[in-house]
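The values are calculated or read from the model by the stated rules, or taken from the named source; none is laboratory data. Because the structure is a prediction, the values reported are computed rather than measured. As a convention, Cβ positions derive from the backbone with ideal geometry for all residues, glycine included, and neighbour counts pool all protein chains shown. Accessible surface is based on the protein model in full, side chains and every heavy atom, while ligands, DNA and RNA are left aside. Shrake-Rupley method; radii C 1.70, N 1.55, O 1.52, S 1.80 Å.
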Amino acid sequence: MRNIKITLVVLGLLMMGSCKKDFLDVPPEGQITPTGYYSTPERASQLVNAIYNNMLQWDESTFSWIGISSITSDDANKGSSPGDTGTDKDKLDNFTYTATDFSCNEVWVANYRGIARANRALSILPDVGIDAKLKHRLIGEAKFLRAYFYFNLVRTFGDVPKIETVVDPTNQAQLQKINVRAPKEDIYNLIISDLNYAKDSLYARSEYAPADLGRVTKGSAEGFLSKVYMYLKDWQKAYDLSGEVIQSGEYHLAADYAKIWREAGNNGPGSLFEIQAVGGPVNLGVQGWAVVQGVRGQFGWGFNTPSKSLEDAYEPGDPRKAATIIFPGDTLWDGTVIISNPPNPRYNKKAYISRTQETFDGNDWESNKHVRILRYAEVLLIHAEAANELGKTSEALESLNEVRNRVGLPDVTTTDQAKLRLKIWHERRVELGMEGDRFFDLVRQGRAAEVLGPLGFQSPKNNLFPIPQQQIDISGGTLTQNPGY
Amino acid sequence: MNYRITSRWFNRIHHRKGLIASKLTAILFLLNIFTLSANTYSQETYLTIQMKNASIQQVLDEISNQSEYTFAWSSKFVDLSKKVNIEVQHKPINRVLDALFSKEGVQYKIIDRKVVLSPAAGKVMKSQQKRKVIQGTVRSSDGGTLPGVNVYIKETKQGTTTDLNGHYSIRVQKGSTLVFSYIGMQTIEVVVGNQSTINVVLKSNVAQLKDVVVIGYGTAKKHDFTGSVSSIQGDKLTEISAVSPVANLQGKVSGVQIISNGLPGSAPMVLVRGVGSIQAGINPLYVVDGVITDDIRNLNPDDIVSIDVLKDASSQAIYGARGSNGVIMITTKSGHAGKLKVNYSGYTGFNTIASRVKMAGSKLYEEYTNEALQYDHKQPAFPTIDATYNTDWLSEITRPGRVMQHTVTMSGGSKDIVYFISLGYYNEQGILKKNNYRRISLKIKNEYYLAKFLKFGNNINLSSYHSDNPNTGYFNEAYRQAPNFPVKDDQGNWGWSNNINNVGNPVASLEYWNNQGKGYRGLGSFWLEAKIIKGLTFRSNFGLDIAVNHNLNYSPYFIASPTQQNLISNLSVSNNDEFHYTWDNYFTYDRSFKGVHNLKIVAGITIEQFQTSYLSGYRQDVPPQENYWYLNLGNAASATNGNGGDKWRRMSYFSRVSYNYKGKYLFTGTLRREGSSRFGIDNRWGVFPAFGLGWRISEENFLKSSDVVSNLKLRGSWGIVGNDNISTNAFLYTINTGINYVLNQNIVVGSTITDIKDPNLKWETSNSYDIGLDFGFLNNKLSGSVDYYNKQTKNLLFPLPLPAILGSASYITNVARMENKGFEFNVNWSQKVNDNFSYSVGGNFTFNQNKVLDLANGLPINGGSLNNGQYTTRTAVGEPVGSFYVYKTNGIYQNQDDINNSAHFPGAKPGDLIYVDTNGDGILNDDDRVFAGSYQPKFYFGFNFSAKYKQFDFLVTAFGNLGNKVYNGKKAQRWGGENIEASLSDYWTTDNPSNTTPRASNSVPIASDYYIESGDFLRINNLTIGYSIPVKSKAISKFRIYLSAQNPVTFKKFSGFNPELPGGVLNSGIELNPIPTTAKYLFGVNLNL
């Protein structure tokens, strides 16, 4: 018995002593640590896919962005029911928003999240041992997308912090430094430099493998850069770059305007850049994009409704009106009848998804709806605008009328620069109706106060949106506010 | 002194055993089936005692330690301090007692597990000549006779004991006082007059039984313990029949706040001494028979014998890593050597809604809606007021639900094994239709005596549950939906609001919702305990907590209305499994030196691993029949799946030293060094020290003989405990996968690093102290305790807001500090008025103050979203966590001039609430919000009253709180066209210039103090009346029936459904989804064979 007891004591001590310290070294279960992971072409692509993914996010592309880029304009009203403010969409509609309002912060957060993902990719990709051409293309995609996010920010807020690298959050000194708003010229320079890199490294649309359909292309970068130069009023460069897209022969206008925003028009001949989505049976799409704009009482929440002003802007016989606006009682192309008594008189048809004639798996939160960011028609209109500003009237008319002729409208013939400018601006409005450029166009064109003043717009205050108060607070005051807020 | 003990068993088990034994013994005696069980135990127990120069008292203690015997005597006539030598090897108890008392003039009787000592007959008789003979019978309150009761003359200390029939006879002078005493019973004194017969009834003295508390890795005598522990014994627990053992604690323990929504299968929110953390969980740790876990919904409340809540740092520190939110020690029932005992307990009854909010009828609804539309320049939705239908949606989705519970237990044992088996069945239908929960539980707890020094045990709790979980959001739909249309129209089509609002038809919602959960859980342990040398025990305990859960959600194809439809059926299923083990190895050294130095040391090591994984799948086009709800029957092209896992480990060294001198001066020191894999290698280990001091003033000479003070103990403790309850890889940069995109209509994989991590993450630590006084007066008729505590938690894990330019809104790091301090007060009065009537009144009161002391960059955190863009709470320095932070209102605008002359929101109209420009800057914005109270009460309390009259027993318990606020979120969350509460009928119009109820409006209300209401309430949560049927049959020892009402009455100021509003740390106290209080009405039976 004594032996048994001794054995037990020893056993007990052994049990107590046998636990080694490395017992606590538990590798993360089911989670990948970064070291050495991004070493193959597939995995390197994953880094870039994750940047694209930011485009699908609710806060990046949907409610807040729709609020800021569209509801603010004279093309759209808040919509929904009178009492449903959509957090602050009523304030965006009548220009009473303040620095604490939600949408500004979401746009800020979402775009910087995209920038951070791009910076992350750009910090890793140069060291990945893959084919150089592919590597440059991936870097180019990351830079293109970073430029896209910065373009949203600079148009919305003006001067913003310029972040080009992965930042260590524990380094207080660095944090303070990067929190300072960079002049918008610096931001534009970064955008231009990124897009130039993208332009040179991205494949032409026809060079991509079919499986890569949806990635940004050389044409995307050129078209986008021409748009950036248009905002900067660098007409020569805007003219040159839009010209390069036109010359490339990679793009042309789709025959049927009405089909552009349907599933059948996905990645159509005029598509330079659109957010990809798939409606099922396994779906992945832009979160809530269709449902927030769906006919209220029938399909969705009914925000961002086309205005009377937009309805009236279409020339008689312009089919783009019917392709852009849903009216109560309409019978749509797929046979769906719109209810006769929704709370709003118009809804955004470009956000309509057919539950019967398109891929629809019952989930309207992430639908099949591709969101068109840059279309060939806009490149033509940029070209027209730049050419007109440069005095190349006939080229301007050629590009403008190509857009008009597609929808069966007669040629514009005026050669007066000012009149033509207005014609081009008008064409932009109706061609790109409800596509989220109208407000920024009005500011860019310097006539926001004139057009939007009756809606509450104050100049110069409302040319820019307020820096989110939350971000100013977090920065400890390093971030400064825009004038008037 | 030199004595040797060879089989001193299991301190921890022993005390509990002694407790049960006394109670069972009492019950058996009461029902006069003594002959069935007498001597059964003694024949099976063998003792080995070798002690030299030890007092009789020490020898008796030793016998108690080795066996389940308890002793009854009067020190007035048995001298236990006498030193003796004794040496017996493996002898039955009567041989031991013979050896001990043969020369001492003491006789003994063994009655089951009780040994009654009395003076030898000759001695007594000699001094009792020439007096009158008094005789009589001693009974328990249940009418059973009590054998072995000490009966003695107070003045002379001479006495006798009752015989097997409870009968006694004693010679005594007139005018003397006879004292009747019996362990576990209240002592009674009777003055002898002219009578020759004195019959007495003794009442059980519950207070004396609660002498042991379960603490980590052992037990302590309550008198000797320096920490703050609240204990609830089994009989108090089973008085209330509830699905969860924790719910039974509600209102019973000071310092413990339990907030429950009462839905079947839901886990309540449990706060021990306030909110202890922000990010790392606030629920306490549960330890079930030594096995740590975080969910005890699997346990059958009937299987639990006691719950001890460790409230102060000195008692929590032994669980260093996870003690900071309090530790709830659960001890389940065990078997005892002896004949097979079979018990049944069960009840059946129904659930019903305890209180409602009166909603507007169709007429008021339509008038209000029209009026609201008019302000927005809209046509009236109801040109003619039509009150044809008046649907009460809440009634349509609810029902009286059936509730039942049955438990059968069997226990017994021999000298080699004791066993306890319990089979339980619980079935509850919630008040919401389709909400069901049922559980089958099986408990097997055995102890095997492998050798004299070696014992093995297993304790296995198996359970399976099945639940139907309707979306409780349908309560919200019922609250909001317009009353003016039917559930279904005459053609059988679902009614709908025809676009007047966005709310679904709640009955249709419920009809098409299918969410089922089922699962299996095994919680238990296997252990080995060995006596190494005298006083030293080794115990190895391997605890397991294994769970498998399966969840299914099926949405059928349906079109209820144009706005309520699902065009493609879909099925989601998920399985998850958990495997959690703990392995404790520790030594316990327990010795008393010279009878005055009492030392107990526990030291050991424990390791722990938790591993879990899940697998989920989804497909569309699954047919609607329930037997087809399998993924394989759906569209394979729509399939998606998910799979993930988690794993962490802990390892700790722990020790505790308890010392007391003569039971007067008490010291406890605890040290735990704990490592957790949840932190990086440099921050992995934490050291958690604690100590406690106590002084039992009542043991001092100046109080020892006091008739007034029976117990008085001053105690104080200090300690540091930790909390590591955060996600496993919070310190480590990992790649986030599944950040996918679409190319060529195919989903392509995306991955990147999205989260910012703090590699220097370390323990949350709470530094706290506690000062307490335990008291008992008048033979413990009046007993209680008072505590002051102060707990400062630092390095709180907190999502520190980051500049969004870094790409992540926040990261988890140790930045916040918080404080909880307060008073606790417990008091209980028990009195036996006469033979037929006794009662007990008790109460507990807690004052707690929670305050955030520091947030790293001082930035407050907003919370309490109303899901309509409005937030309601703010966590900021100097305020309680989750305080309401809203606009202040001051009446109602009566005209446009008032609006124009004050700061107002755009679009303000006469009839709107006036929001106060509190900072006077002329504009209304977030800076004008004010703190307006918190969901955390300043004061909470519980009361209980119980009484017994003859065969009847009666119990009422109540609890409540004062000083907290609740937010009537459901009322403040309106999108328009929804129903209103009937109380809004007085809404403002130009003809009715109300200053309290705003105009009709479809706008989202601003978050303001208009919706803040007092959270004060008092709830009677149990009202039970029972009757013990006298049964002559020897086969039945107890047969009690009872009627019980739970939550029958709530006194509240809140105008909503339920002032108990559990939620997240930052979001509690908001009635957004109005779940009514459930009241239960039950009929139950307790039957012991």
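List of remarks:
- Per residue of peptide A:43-55, the mean number of Cβ atoms on other chains within 10 Å of the residue Cβ is 6.
- Minimum 10 Å² accessible area buried by the other protein chains, the stretch B:958-988 residues, probe 1.4 Å, relative to alone: B:Trp975
- Interface B-A: total buried accessible area of about 7300 Å², 1.4 Å probe, protein heavy atoms only.
- Percent accessible area from carbon and sulfur atoms, the protein assembly as shown, protein chains only, probe 1.4 Å: 53 percent
- Between the Cα long axis of helix B:362-375 and the first principal axis of chain B there is an angle of about 50°, rounded to the nearest 10.
- The alpha-carbon of A:Lys259 sits under 30 angstrom from the alpha-carbons of these lysines, leaving out residues fewer than 8 places away in its chain: A:Lys78, A:Lys89, A:Lys199, A:Lys218, A:Lys227, A:Lys308, A:Lys321, A:Lys349, A:Lys350, A:Lys369, A:Lys423.
- The mean accessible area for residues of the stretch A:379-436, using a 1.4 Å probe and ignoring ligands and nucleic acids, is 37 Å² per residue.
- Net charge over other residues, Cβ less than 13 angstrom from the Cβ of B:Leu442 (K, R count +1; D, E count -1): +2
- Percent RCO, i.e. relative contact order, over chain B, from Cα pairs under 8 Å lying at least 6 residues apart: 10 percent
- Averaged over the residues of peptide A:81-94, the number of Cβ atoms from other protein chains lying within 10 Å of each residue's Cβ is 5.
- In Å², nearest 10: area of B:Phe382 left accessible to a 1.4 Å probe: 30 Å²
- Charged-residue dipole, Cβ positions (Lys, Arg, Asp, Glu), the protein assembly as shown about Cα centre, Debye nearest 20: 10080 debye
- A:Trp365 sits with roughly 90 Å² accessible to a 1.4 Å probe, with DNA, RNA and ligands left out of the calculation.
- Placed amide H near B:Asn736: partners under 5 Å, 5+ positions off or other chain: B:Thr752, B:Ile753, B:Thr754
- Pairwise centroid distance, computed over Cα atoms, of the stretch A:288-341 with the stretch B:488-506, Å: 25 Å
- Shape category assigned to the stretch A:268-321 from the gyration tensor of Cα positions, a/c cut at 1.5: oblate
- The phi-based Karplus calculation (6.51 cos²θ - 1.76 cosθ + 1.60; θ = phi - 60°) puts the 3J(HN,Hα) values of the stretch A:436-444 at x, 10, 4, 4, 5, 4, 4, 5, 4 Hz, whole numbers, x for Gly and Pro.
- A simple charge model with +1 on the Cβ of Lys and Arg, -1 on the Cβ of Asp and Glu and nothing else charged puts the dipole of the stretch B:437-594 at about 1240 debye relative to its Cα centre.
- Cβ-based charge dipole, chain B, positive-most Cα from B:Gly349, B:Ala947, B:Ala337: B:Ala337
- Average accessible surface for chain B: 38 Å² per residue, computed with a 1.4 Å probe over protein heavy atoms with every protein chain in place.
- The angle between the Cα long axis of helix A:102-124 and the longest principal axis of the Cα atoms of chain A comes to about 60 degrees, rounded to the nearest 10.
- With 50 Å² as the minimum drop in accessible area between chain alone and full protein complex (1.4 Å probe), the qualifying residues in the stretch A:109-123 are A:Arg120.
- Computed from label points 7 Å out along Cα-Cβ, the spacing between B:Asn890 and B:Arg402 is 6.0 nm.
- Highest to lowest packing among A:78-88, B:856-866, B:291-301, scored as the average C-beta count within 10 Å: A:78-88, B:291-301, B:856-866
- Highest average first, the peptides B:249-258, B:619-628 ordered by how many other beta carbon atoms sit within 10 Å of their residues are B:249-258, B:619-628.
- If you sort B:Glu700, B:Glu428 by accessible surface, 1.4 Å probe, largest first, the order is B:Glu700, B:Glu428.
- Between the stretch B:951-1004 and the stretch B:378-445, the Cα center-to-center distance that results, in Å: 28 Å
- Qualifying trypsin sites (Lys or Arg not before Pro) in the stretch B:998-1067, DSSP loop, other Cβ atoms within 10 Å at most 12: B:Lys1032, B:Lys1034, B:Lys1053
- Largest to smallest in accessible area, the residues B:Leu671, B:Leu732 fall in the order B:Leu671, B:Leu732 (1.4 Å probe, all protein chains included).
- Counting only DSSP beta bridges with both residues in chain A, the antiparallel share comes to about 95 percent.
- Label reach from B:Asp386 (point 7 Å along Cα→C-beta): in the stretch A:52-88, no amide nitrogen lies under 19 Å.
- Threshold 20 Å², the stretch A:460-485 residues less accessible with all protein chains present than alone (1.4 Å probe): A:Gln471, A:Asp473, A:Ile474
- The stretch B:425-530: trypsin sites (Lys or Arg not before Pro) in DSSP coil with no more than 15 other Cβ atoms inside 10 Å: B:Lys452
- Separation in nanometres of the label points that stand 7 Å from Cα toward Cβ, at B:Gln849 and B:Asn790: 1.1 nm
- Test item: B:796-804 mean partner chain Cβ contacts at 10 Å: 5
- Chymotrypsin sites (Phe, Trp or Tyr not before Pro) within the stretch B:356-444: DSSP coil, no more than 13 neighbouring Cβ in 10 Å: none
- Distance from the stretch A:383-425 to the stretch B:603-669 (C-alpha centre basis), Å: 67 Å
- Cα gyration tensor, the stretch A:180-251 - rounded (a/c under 1.5), prolate or oblate: oblate
- Long-range HN-HN contacts of B:Arg171 with modeled amide H, under 5 Å: B:Ile134
- Solvent-accessible area of A:Asp168 with every protein chain in place, 1.4 Å probe, in Å² to the nearest 10: 70 Å²
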